[in-house]
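Written below as structure tokens is the structure these notes are about.
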Amino acid sequence: MKKIIGILLCAALLVTMFASCGGGSKATSLQGAKVGVCIYKFDDNFMTLYRTELEKYLKEKGAASVSVMDGKNDQAEQTNQINNFITQGVDLLIINLVQSSSASQIADIVHAKGVPTVFINREPDKAEQDRWVANNMKCTYVGADASQSGTFQGEIVTELPDKGDVNGDGVINYIMVMGDPENVDAQLRTEYSVKALTDAGLAVNLLDQQRGDWDQARGQEIVANDLTAYGNDVEVVFCNNDAMAMGALQAIESAGRTVGTDIYLLGVDALAEACTAILDGRMTGTALNDHFGQSHKAADVGDMFLKGEKVDPYYRVDYMKVTKDTAQQVLDLLGVK
Ligand code: GAL
């Protein structure tokens, strides 16, 4: 009798284990795998380049299906999409979180269901990455080190003949147009662009800092207001990304100012239109946010998870400094004719 009860208990345990695995991994590499991709919102210039390349590359690597969802900048909506992907039995998830602070909640969900997950673009904090290692969770992050892009922006200014001090009064008066401040990219670019100036011994003065949430129209609005408020005092405009810098450029030109002559303008991402503006002398510089390198790495690391290989908690892809000297090279790299 005891034996029979024992066998029944074991069987029940096995059934529960299988059930709790949900649609867990069946594929043993990207070849033939079902991949779910969650993007924080589709309406974002840089993430549009990223997701297009990611989808293309995953298919080239033989994924059986790649389904990409628009989180519409709503974490609750994205969490639902993740749960649906799990129910549908995806083998791998690639997630661009709406809120990086939700990483632990999402990591717990995917871990419980045994679905390996590559977080991209919005970096979870170090404590969360350490937790993945400590608990043997199949989670990792692939991204770029945002401090590097900020440093590049600042260095481009220090390399100018007047070092950004247009009026020669010994102080660089600047405005800062931030991305979403919850995002590490926005925080570190803001900090490190200015740090590169002060590290070079230059004096700086912040005229205004506003959040533009990565958005071109917001960039335009903020810089137009600042140019009205501070006029010719504005010497350098730092934008945490190129979309906002493109908006800033519209504001600068309608205020009758000339980039490279009486004002400097910096972005990040190296969107094709920003590289073209740099070549035309209408923008000072940017940093290539390598969506090819990042999307390929994210897919390759997903492949390693599926193959059962050891995966690190963090993979870093370098930025590249873009000025008039390198803008054409970057356009060629982006495949822009
Ligand atoms: C940044 C990028 C921005 C925006 C943001 C979204 O890395 O520079 O343009 O796409 O990611 O999280």
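None of the figures in this text is laboratory data; all of them are computed from the coordinates on show. Computed from a predicted structure; not experimentally measured. All Cβ positions, even for glycine, are placed from backbone atoms using ideal geometry, and neighbour counts span all protein chains on display.
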In 5 Å bins starting at 0, how do the alpha-carbon pair distances of region 143-258 split up by percent?
2, 13, 23, 25, 22, 12, 3, 0
In the neighbourhood of residue 286 defined by beta carbon distances under 9 Å, the net charge of the other residues (Lys, Arg +1; Asp, Glu -1) is -1
Within region 238-265, which residues have the backbone N less than 18 Å from the label spot 7 Å out from residue 232 along Cα→beta-carbon, could you tell me?
252-264
Roughly speaking, what is the stretch gain from residue 158 to residue 56, that is 0.36 nm per residue apart minus the C-alpha to C-alpha distance, in nm to one decimal?
32.9 nm
Average projected area [Cα convex hull, the chain], square nanometres:
18.8
Residue among 105, 146, 127 farthest towards the positive dipole end of region 103-218, charges placed on Cβ:
105
Report D for region 195-291 in µm² per second (integer): Stokes-Einstein, Kirkwood Rh on Cα pairs, 10 °C, 1.306 mPa s.
118
Taking 56 Å as R0, compute the FRET efficiency from the Cβ-Cβ separation of residue 88 and residue 169 and round it to 0.05.
0.35
Mean separation of Cα pairs under 8 Å and 6+ residues apart, divided by the residue count of region 54-112: what relative contact order is that in percent?
27
Need the C-alpha centroid separation for region 55-107 versus region 273-317, integer Å.
18
Fully extended, how many nm does the chain gain between residue 195 and residue 133 (0.36 nm per residue separation, minus their Cα-Cα distance)?
19.1 nm
Under 8 Å for C-alpha pairs, at least 6 residues apart: give me the relative contact order for the chain, rounded to a whole percent.
18
Report, to the nearest 10°, how far helix 184-199 tilts away from the longest principal axis of the Cα atoms in the chain, using its own Cα long axis and a range of 0 to 90°.
40
CD proxy at 222 nm, helix term only [per DSSP H run n ≥ 4: -39500 (n - 2.57); per residue of the chain; nearest 500]
-14500 deg cm²/dmol
Per-residue ³J(HN,Hα) for region 227-243, Karplus 6.51 cos²θ - 1.76 cosθ + 1.60, θ = phi - 60°, Hz, x for Gly and Pro
5, 6, 6, 10, x, 5, 5, 6, 9, 10, 10, 9, 10, 5, 8, 6, 4
Residue 312/residue 108 FRET efficiency (R0 30 Å; Cβ-Cβ; nearest 0.05)
0.90
For residue 80 and residue 262, calculate 0.36 nm times their separation in residues minus their Cα-Cα distance, and state this gained length in nm to one decimal.
60.6 nm
Using only Cα atoms and rounding to the nearest 10 degrees, what angle (0 to 90) does helix 75-87 make with the longest principal axis of the chain?
30
Magnitude of the Cβ-charge dipole of region 140-291, K/R +1 and D/E -1, about the Cα centre, nearest 20 debye?
80
With the crude spin-label approximation of a point 7 Å out along Cα→Cβ, what separation in nm comes out for residue 42 versus residue 126?
3.8
